[in-house]
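Colleague: Submitted below is the structure of interest, expressed as structure tokens.
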Amino acid sequence: MSSAPEAILAGLPADIVRTGADELAPHLLDWRGQKRGQALALLLPRSTEDVQHIVRWAGAHSVGLVPQGGNTGLVGGGVPEADLARLSVVLSMRRMNRISDVDARGLSLCAEAGAILADVQGAAERAGCRFPLSLGAKGSATVGGLVSTNAGGVQVLRHGPMRSLVLGMEAVLPDGSVLNQLSALRKDNSGYDVKQLLIGAEGTLGVVTRVALKLAPAFADVSTAWAAVPSAEAALQLLARLRSGLGERVESFELLSADTLALVLRQLPDSRAPLETRSAFHVLMEVEASREALETLLAGTMEAGDVLDAVLAGSRAQAEALWAMRENVAIAERQEGKSVKNDISVPVERIAAFDAEAVQLFAREMPGSRPLVFGHLGDGNLHWNLLPPAGVESGPWVEANAEAARRLLHDLIARYRGSISAEHGIGTLKAAELARLGDPGKLSAMRALKAALDPLGIMNPGKLFV
Ligand SMILES: Cc1cc2nc3c(=O)[nH]c(=O)nc-3n(C[C@H](O)[C@H](O)[C@H](O)COP(=O)(O)OP(=O)(O)OC[C@H]3O[C@@H](n4cnc5c(N)ncnc54)[C@H](O)[C@@H]3O)c2cc1C
């Protein structure tokens, strides 16, 4: 880039450009507070035409474009790199947040990329249906970010991740052309399904501008319960029993270790333990069935010894209080200090064995380190995080041990034929590990796609690839 930054930015409409340090600052720091980036400016498009203009401008000036939604991503993907030769701008989609075409009969709606997840959920509920994807960051995470990370959350068990919920998409590709696959068709076999490439691409193949999303009918009946279970294996038995009794109607099945629950209780003064019973693990479950049906299934599992104790929510408010215990884990963990965050998956039936082996591995190789295990057990996806030994300052410990800890855990994952990223994505945090452990055939196809669609390398430089 030869011209001065001011001259380059002059090629954009002034009302979408921000260069003030205070306005840029929150966009340059990731949610965990662990990565600080650098950018020439913050751009705030209002329309797809604005995005198209910006993408063409970036290509002409060789400026990196870093799409950003709610900046709640956990792998550093939405923050520009501080150390690349190429200058970047943050492309915040937050002003493009309209929700339209809510179709309760056809079960779909249309949302711009900057629409916030909680607002999408609210729009669906007002129309008498629901958008079946939720996660702890629902008050800030946007449709564009959720699509671009192929986010999961607490209902994947029944409805799948974001990839299963996208019916149509509009996006601006790196050459400035618009991909218009927005129609909410349930079936379309007319050649490559290009929108699927952008789902989970973490902003490296284009800018998602609008999405048609699949909705689900409102619950006929819904019940929520919290159970104390003696082991992860017992939790799997409980899941099997629920599924044999209710089939597809098991909506969520979340696991928290005793240490995870203790951390939430320690960090969030308003939280209360749902049960007095002490146990190695806890399960939060939600099913589309009556309270009586869930109670009967839990009673049977208690007789078999797989559940030690359980409580059923008596109202929606009680159910929400139980959900808050799960959804606030990430916030409690951030308050506690730094940790080595991992987001892994293994085949569901092997997850208890994996957890037991990982606990032994870290007790041997990193004595004193404290695993913090929670997540979406029904999907085979655990957040297998690591806290420093008690009393040790977290920042320096994480800095010194994160890489070795990740390598240990990921080598074990490779043995279990699992994934080093179940739902958060690769970003910069796991790019080196993807290069080390990823399937060479897949990596070379990824590089070929990137080179074909973005030959100038303007889209989210430095992410996914090392
Ligand atoms: C408390 C908490 C709980 C969470 N729980 C879960 C969970 O249960 N399951 C789960 O899957 N994830 C979870 N996450 C992480 C999850 O990835 C993000 O919350 C969400 O998907 C990111 O949305 P965002 O709008 O904040 O995206 P950002 O963080 O802004 O961006 C994420 C990535 O998407 C790209 N991107 C953003 N918008 C666009 C766009 N319009 N076009 C192209 N690329 C774009 C960015 O460049 C970046 O690479 C959690 C995060 C937090 C903080």
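Colleague: How do 390-401, 417-428 rank on mean C-beta neighbours within 10 Å, highest first?
Modeller: 417-428, 390-401
Colleague: Please turn the phi angles of segment 278-292 into ³J(HN,Hα) values with the Karplus equation 6.51 cos²θ - 1.76 cosθ + 1.60 (θ = phi - 60°), one per residue in order, whole Hz, x for glycine and proline.
Modeller: Going residue by residue, I get 8, 7, 5, 9, 10, 10, 10, 10, 9, 10, 8, 6, 6, 4, 4 Hz, with x marking Gly and Pro.
Colleague: Next up: What are the ³J(HN,Hα) values, in whole Hz, obtained from phi via the Karplus relation 6.51 cos²θ - 1.76 cosθ + 1.60 with θ = phi - 60°, for each residue of segment 231-237 in sequence order, with x given for Gly and Pro?
Modeller: Working through the residues one at a time gives 7, 5, 4, 5, 4, 5, 5 Hz.
Colleague: So if each residue of separation counts as 0.36 nm, and I subtract the Cα-Cα distance between residue 304 and residue 399, what length gain in nm does that give?
Modeller: Net length gain for the segment: 29.7 nm.
Colleague: Quick one: what are the phi-derived ³J(HN,Hα) couplings along segment 24-30, Karplus 6.51/-1.76/1.60 with θ = phi - 60°, whole Hz, x for glycine and proline?
Modeller: Values, residue by residue: 6, 3, x, 7, 9, 10, 7 Hz.
Colleague: Further question: Segment 424-459 to segment 379-395: how many Å between their Cα centroids?
Modeller: Between the Cα centre of segment 424-459 and that of segment 379-395, the gap is 27 Å.
Colleague: Another one. Given R₀ = 22 Å, FRET efficiency for residue 265-residue 317 by Cβ-Cβ distance, to 0.05?
Modeller: Efficiency, from the Cβ-Cβ distance: 0.65.
Colleague: Still on this structure: Give me the three principal axis extents of the chain from the C-alpha atoms, as integers in angstrom, largest value leading.
Modeller: That gives 72, 55, 44 Å along the principal axes, largest extent first.
Colleague: Taking the Cα-to-Cβ direction at residue 290 and at residue 246 and moving 7 Å from each Cα, how far apart do the two end points lie in nm?
Modeller: 1.5 nm
Colleague: Pull out the extension gain between residue 273 and residue 180, defined as 0.36 nm times the separation in residues minus the alpha carbon to alpha carbon distance; nm, one decimal.
Modeller: Gain on extension, residue 273 to residue 180, equals 28.6 nm.
Colleague: So, counting K/R as plus one and D/E as minus one, what does the shell of residues with Cβ under 11 Å around residue 370 add up to?
Modeller: -2
Colleague: Applying 1/(1 + (r/R0)^6) with R0 = 35 Å to the Cβ-Cβ distance of residue 101 and residue 353, what FRET efficiency is obtained, to the nearest 0.05?
Modeller: Using R0 = 35 Å, I get an efficiency of 0.15.
Colleague: Next question, about the same structure. Under 19 Å from a point placed 7 Å out from the Cα of residue 60 along the Cα-to-Cβ direction: which residues of segment 444-462 have their backbone N that close?
Modeller: Backbone N within reach: 455-459.
Bear in mind that the values in this text are calculations on the coordinates, not laboratory data. Everything numeric in this text was worked out from a predicted model, so none of it was measured. Every residue, glycine among them, receives a Cβ derived from its backbone with ideal geometry; neighbour counts consider all protein chains shown.
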